[in-house]
Amino acid sequence: MILAKDLTKTFGKVQALRGVSFSIDSGESVGLIGPNAAGKTTILNIILGHLKPDYGEVKVFGHDPWVDYIKVREFTGVMHEKPLLPRKIRVRDFLKIFSDLRELDCGYVLNLACEYGLRPYFNFKIGDLSRGFLQRLNLIQAIASKPKLLLLDEPTANLDPAARLKTLSLLREMKKRGTTIVVSSHLLGELETFCEKVILIKDGYLVEEGKIEVLAKKYSLYLTYELIVADFEKALSYLNELQNIVNELIIVYSKRKLRVSVNINRLNDFKEFLSKSNFKVLKVEPPSLEDLYRRIVGGDED
């Protein structure tokens, strides 16, 4: 697990972190979110051992990453937003060197690269790769060792839709295998497909942390229900009561459907209403991570 306490870091006149504390359990998938320059990348670099906090401490599976840097790197895969890979080495040679350094089966690593569409580029120098294929190579070196801890900074940036979907599917599989995953990303819709917890940072401060479903209830977010009725005229008699429970009500007369937004804290009232009415639930849409972000942090995700 990861335990951070009172992390403070200053770069010149800029205070990047201001007493940030949080915990991440082993096997959790956590989204690290906030505006640009909030301190997210600084947190990842402290966890990795690239930066030493000015004040405070962090333990990564019991290790101080600044003191036990080599030990932490042994079980950590990392994907930086702007990777510093050797530009003049050919892709195949880089993968072979990487395999030797990590004591991995080279055939396995090369096959993984082929799965991500890099085979036609094995003889390319890394510096000649497009940003999208450089991102794929960056991802491969992060996940190939099947790490216990995976730190990702904007992992799907510059990827085409097919590679993006494949990456998200892979992260869900790693989560199932018990990998602890910490991801910094502005793509909140992607994060909510595999993260169960978020840490929200703004201006170097910890704004909130917790399970997404718990925070949604705490901040009174809404579930959206799509309902249908067999006898629409009879259903109209229930509308006054329904309007007292829901936040928004949209009626589609032609298809005998209703779409309602229900405050999470009034779900019991709503379910009681459903039990005595002739409305049937067709679909339920949970609140999105973007809804949660806007409610807690405010403004747009930039």
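The values are calculated or read from the model by the stated rules, or taken from the named source; none is laboratory data. Since we're looking at a predicted model, the values are computed, not measured. Neighbour counts run over all protein chains shown; Cβ positions are idealised from the backbone, glycine included.
General remarks:
- Selection from segment 53-65 of residues that are without any contact (Cβ under 8 Å) to a residue 40 or more places away in the chain and out of contact with any helix residue (DSSP H, G or I) (no Cβ under 8 Å at 6 or more places or on another chain): Gly62, Asp64
- Single unsatisfied condition, Val214 versus (1) assigned to a helix (DSSP H, G or I); (2) out of contact with any Pro (no Cβ under 6 Å at 6 or more places or on another chain); (3) crowded, with 20+ Cβ neighbours inside 10 Å; (4) aliphatic (A, V, I, L, M): (3)
- Looking only at segment 93-108, residues that are under 18 Å from Gln135 (Cβ atoms) and either touching a Gly at 6+ places or on another chain (Cβ under 9 Å) or modelled with pLDDT of 95 or more (or both) come to 2 in all.
- The set of residues in segment 70-100 being within 24 Å of Asn123 (Cβ to Cβ) and β-branched (Val, Ile, Thr) consists of Ile89, Val91, Ile97.
- Restricting segment 254-295 to residues that are among the hydrophobic types (A, V, I, L, M, F, W, C) and in a strand (DSSP E or B) leaves a set whose member that is farthest from Ile33 (Cα to Cα) is Phe279.
- Restricting segment 258-302 to residues that are within 15 Å of Val207 (Cβ to Cβ) and either surrounded by 12 or more Cβ atoms within 10 Å (Cβ to Cβ) or of a type in the set (A, V, I, L, M, F, W, C) (or both), the residue that is nearest to the chain's Cα centre (by Cα) is Leu289.
- All of Ile251, Ile228, Ile201 fail the test of being surrounded by 12 or more Cβ atoms within 10 Å (Cβ to Cβ), modelled with pLDDT of 80 or more, assigned to a strand (DSSP E or B) and not assigned by TED's automatic domain parsing to the domain that holds Glu28, apart from Ile228.
- Test: residue in segment 170-179 that is outside any helix (DSSP H, G or I), closer than 24 Å to Gly107 by Cβ and touching a residue at least 24 places away in the same chain (Cβ under 8 Å): yes
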